Structures are given as C-alpha cells and as structure tokens.
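Read the structure below first, then the notes.
The values are calculated or read from the model by the stated rules, or taken from the named source; none is laboratory data. Everything quoted here is computed from the prediction, not taken from an experiment. Backbone-built Cβ (ideal geometry, glycine too); neighbour counts: all protein chains shown. Areas reflect the complete protein model, heavy atoms only, side chains present, ligands, DNA and RNA absent. Shrake-Rupley method; radii C 1.70, N 1.55, O 1.52, S 1.80 Å.
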Amino acid sequence: MLGTDGKIRLDDADRAASASRQPAVACPGCDLLQCLPRLGPSARVRCPRCGEVLATAPVDPIERPLALTVAAAIVLIVANTTPLMGLAVAGRAAQTTILGGALTMWSQGQALTGALVAICAAIAPGAYLLFMLAVLTAVRRPPAPPWVGTLLRLAGHLQPWAMPEVMLLGLLVALVKIAELATVTAGVGLYAAGALPVLLAAIAVSFDPGAIWERVTWVGNETPPRIAPR
Amino acid sequence: MTSAGLTAAHLGLTTCATCGLLSRPASDTVPGHCPRCGASLHRRHPDAIQRTWALTIAAAICYIPANALPVMITTVAGSATPDTIMGGVVFLFTSGSWPLGLIVLIASVLIPLGKLLAIAWLLIAVQRRALGGERARMRTIRLVRLIGRWSMLDIFVDTFTVALVQLAPLMSVQPGLGVVFFGAVVVLTMLAAESFDPRLLWDRNPLESTHD
Ligand SMILES: [Zn+2]
Ligand SMILES: [Zn+2]
C-alpha cells in the first residue's frame, strides 16, 4: 500500500496515515500526497517527485533556537547602536550606523530607499527575532495559545525581508570603494553585523515550524479531522 | 516519475499555506478556514498567474530606469560625477578590486535580469501546459527564491557610501534617482517569486487526470 517512494494510492491514503500514526501531508511544491516516515535526529525528508524539503527533525527544536534567538537579538542591538565604520580624510572624520545610513538616504530625497534599507537591515530582523522569542518561550509549556500561531506566521512572512548577509556584503563593498578615496576604519558594529548572518542561519537550521504547530491549540479546540477520500 | 501518485487536489484536500495542515475544505467553491490555525484556505495561491505576471512586468519596466539613471552622484571639489550601476561595476574593475566588481555585476545586473527571464519562462510553461521538465522548473523557482535577495546588494552599497561620504565641500555623495527604481525591481521580483505557485507546474502533469 505504501510504496518505498512514499507515494500513497487512492483507497489507502487514510489507512496509511492512521497505520503510521503520522499525518498525511501534501507536498507544498507539487501537491503530491505522502506519509512522512518517522525521522531520526537531524534527518531531512525530500519529496520524491519534485525534491522540495518536506520535513526536518532538528535535535532540539525549541531550546536551541531560543538560545540562538537571544544571542542574535543582543548582536542586532549592538549592530544598530554602535558605528559600523568611520572615515577620515584631510583632518575631517565621519561615521555611520545602520539606521543612520537609512536616515541619510531619507534626508537626501530618497525616502523610499531609506525605508527599504531600514526594513531589510533593522526592522524585519528585529521584528522576526522578537516574534521568534515570543513563540519559542510560549511553546516551552504546551499547549500554546493560538496567538503563537499568528506570530509564527508573521515571522515566516518577515524572514525573506531580513537580509543581514546582503547588508554585510554591501558594507564590505562600500568599505573597499571608499578606501580608494579616504582612510576607513571598521567599527564595533561591523563585527556585530558580521556575526548576525551566522546566528540567523543557525536559527533557521535548528528551528522546525512543524514542532511549534504541534504544540499550538487548535482554533475552536477542534479535534484533528479525518482525512479520508470521499 | 511516471508511477502512480496521488495529489491532494485529487482527493479534494487542501494544504494550509500558513501551518501546512492537510484538511478537507468546507466546499469546492468556498474552501473556508484551516481548522488548526484559522487561516483562509486556497487550493492554489489565489490568482497566482495574473499576480505574478503583473509584478514581473512592473519589475521589467522599472529595470530600464534602474540601469539608465545614476544611482550615485559624487561631488569632489565642486564637480559632480553621476554613476550608474554599470559605472560602479566598471569603477571596481578598474580600481583593481575586480572580485568585488564581479560580485556587484552578478548581484545587480545578472540576478535581476535572470529572475525576470526565469519567472516569465515558468509562467509561459504553466500557461502552455508544457509537459516534461517539471523538475528543472522546480529547481529554477527554488534558485530564484534563494538568490533573489542578493540583488539588494547595490542598495546597501549606495546607502553606506552616501551615509559616510558627506564631507562637503571637500567631497560628498548623493543618491541618484536610479536607486529607487532599482529598489522597486528587487521588491517586485521578490513578491513575484512568492506569489507564483509551483504546484501549477505539476497540475499540467497527466498524473493529475488519471485515477487508478
Ligand atoms: Zn513535491
Ligand atoms: Zn493552517
């Protein structure tokens, strides 16, 4: 009934799901129905038809990302409050921060660009870390209230717009360009900006949204519906 | 992959786009809400083709002024020099930092152009109900979503250069109008990649119309 490739046949979908005690899932990439095997630690399952990652099983999906989120939040604050780099030429000096850069763009007549930089470099990563902090703290004692699901969804929407790694490379290119014209010095913020992409990537790897959803109370306290063919 | 497989659509089931729960919608015409998280259910992303085309075409239009207009204006001792994106690339190449020049060339010129072409190719494939090559198209959409954000690079370079080099009258840098169009290209192509529904690529598969 359940092929080695994980595909399900029409009349066996429900039986397969209940026999393995694992819910059936449809691949988000190609809609193929399949039953996920029980995953060992650090395992990853891909869809046999389209190759999309269907499930991951990080070793410790709550405490580890929580610790990383706290660390990343501290680093983000340092990156935003200390100068990223300084410049000295002919006896004059200048320095800048992330939001200082966005504000300069704004005041130079590029309000939209300034806003975009502020969102991608500070607001989106900040809100993402804040929501993750709330979600991960709340699910430590299941069942978690439904607002955890709402925050998790918002964090998912914010994730593509948090670009600390792109900002870091942008900073380095700007440093090299300006170094042609003046003496540039790296500030504390630059080191914090260097650590941030590493921490955010570590959160993404150690985190499993599925593990959170399993601990969230269903809207209206329904029991899981039977997923059966008509 | 020609062996029989069954999709959620076959069984009239819908995956929640928010929490991933597979459930039976209230009805085919009004799918209702996910029983777990309460989000609206959609069998496929709503109006995926139209929305993705609209965002892609808007991005393609913005791509022209983004490259033609200056992104930075450098003023040294009273004389102003406008720089386009390609001008910035040429500056990096000629000033000896060709590896950085190459990175900016890829991130600012090739990635946005490649994204526009790739999304258009995927949309045409869905509309023509092209058979075969679904796995290659799947790899393409995953790549577009993965590397799309890197085209923000030039926006950050311009921002930090402008923020730091404000030493008028000695030397100062102002942002040019090109930068806002370039930002629009990045945002619009990212939204287009998200609004596209990869399941549409597979719905054209004969698998969809066979029941065994
Ligand atoms: Zn798949
Ligand atoms: Zn849901």
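Near residue B:71, once Lys and Arg are set to +1 and Asp and Glu to -1 for all other residues with Cβ below 9 Å from its Cβ, the sum equals -3. The charge dipole of the protein assembly as shown, taken about the Cα centre with unit charges on the Cβ atoms of Lys, Arg (+1) and Asp, Glu (-1), comes to about 780 debye, rounded to the nearest 20. Charges were assigned to the Cβ only: +1 to each Lys and Arg, -1 to each Asp and Glu. The resulting dipole of the range A:63-215 about its Cα centre is roughly 200 debye. With a simple spin-label model that places each label point 7 Å from the Cα along the Cα-to-Cβ direction, the separation between residue A:92 and residue B:54 comes to 4.7 nm.
Inter-chain Cβ neighbour count for B:33-39, averaged per residue, equals 6 (cutoff 10 Å, partner chain atoms only). Per-atom-type breakdown for the range B:106-212 gives carbon and sulfur 67% of the accessible area (1.4 Å probe, protein chains only). Amide H contacts of residue B:167 (H built 1.01 Å from N, in plane; Pro and chain starts excluded): B:172, B:173 sit under 5 Å, all sequence-distant by 5 or more or on other chains. Working note: Karplus 6.51/-1.76/1.60 with θ = phi - 60° gives the range B:167-175 the couplings 10, 4, x, 4, 7, 8, 10, 10, x Hz, where Gly and Pro are set to x. Close amide H contacts of residue A:216 (hydrogens built in the peptide plane, cut-off under 5 Å, sequence separation of 5 or more or a different chain): A:144.
Taking all protein chains together, B:115, A:177 sort by accessible area into A:177, B:115, largest first [probe 1.4 Å]. For chain A, A:35, A:120 have no disulfide-compatible partner, since no other Cys C-beta lies under 4.7 Å from theirs.
Heavy-atom accessible area for residue B:47, with the other protein chains in place and a 1.4 Å probe, reaches approximately 90 Å². Against the empirical curve 2.2 N^0.38 Å, the C-alpha radius of gyration of chain A lands at a ratio of 1.32.
Legend note: in chain B, cysteines whose Cβ sits 4.7 Å or more from every other cysteine Cβ are B:62. Per-residue 3J(HN,Hα) values for the range B:90-102, derived from phi via the Karplus relation 6.51 cos²θ - 1.76 cosθ + 1.60 with θ = phi - 60°, read 4, 4, 5, 5, 6, 7, x, 9, 4, x, 5, x, 5 Hz in sequence order (x marks Gly and Pro). Using 0.36 nm per residue and subtracting the Cα-Cα separation, the extra length available between residue A:60 and residue A:106 on full extension is 12.3 nm. With Cα atoms as the point set, chain B shows a radius of gyration and Dmax of 22.5, 78 Å. Note that the range A:93-102 has calculated 3J(HN,Hα) couplings of 10, 8, 8, 9, 10, 4, 5, x, x, 4 Hz, one per residue in order, obtained from phi through the Karplus relation 6.51 cos²θ - 1.76 cosθ + 1.60 (θ = phi - 60°); glycine and proline are x. Note on residue B:42 and residue B:79: the extension gain reaches 7.6 nm, defined as 0.36 nm multiplied by sequence separation minus the Cα-Cα distance.
How much length is gained if the chain between residue A:154 and residue A:44 is pulled fully straight, taking 0.36 nm per residue apart and subtracting their Cα-Cα distance, in nm to one decimal?
Working: separation 110, 0.36 × 110 = 39.60 nm, distance 2.44 nm.
Gain on extension, residue A:154 to residue A:44, equals 37.2 nm.
Considering every residue in B:175-184, what mean count of other chain Cβ atoms within 10 Å of its Cβ is obtained?
Working: counts 7, 3, 2, 0, 6, 8, 1, 1, 9, 3.
What the average comes to for B:175-184 is 4.
Extending 7 Å from Cα along the Cβ direction at residue A:134 and again at residue B:145 yields two label points whose distance is 2.5 nm.
Backbone N atoms of the range B:13-49 closer than 18 Å to the 7 Å Cα→Cβ label point of residue A:147 belong to residues B:37-39.
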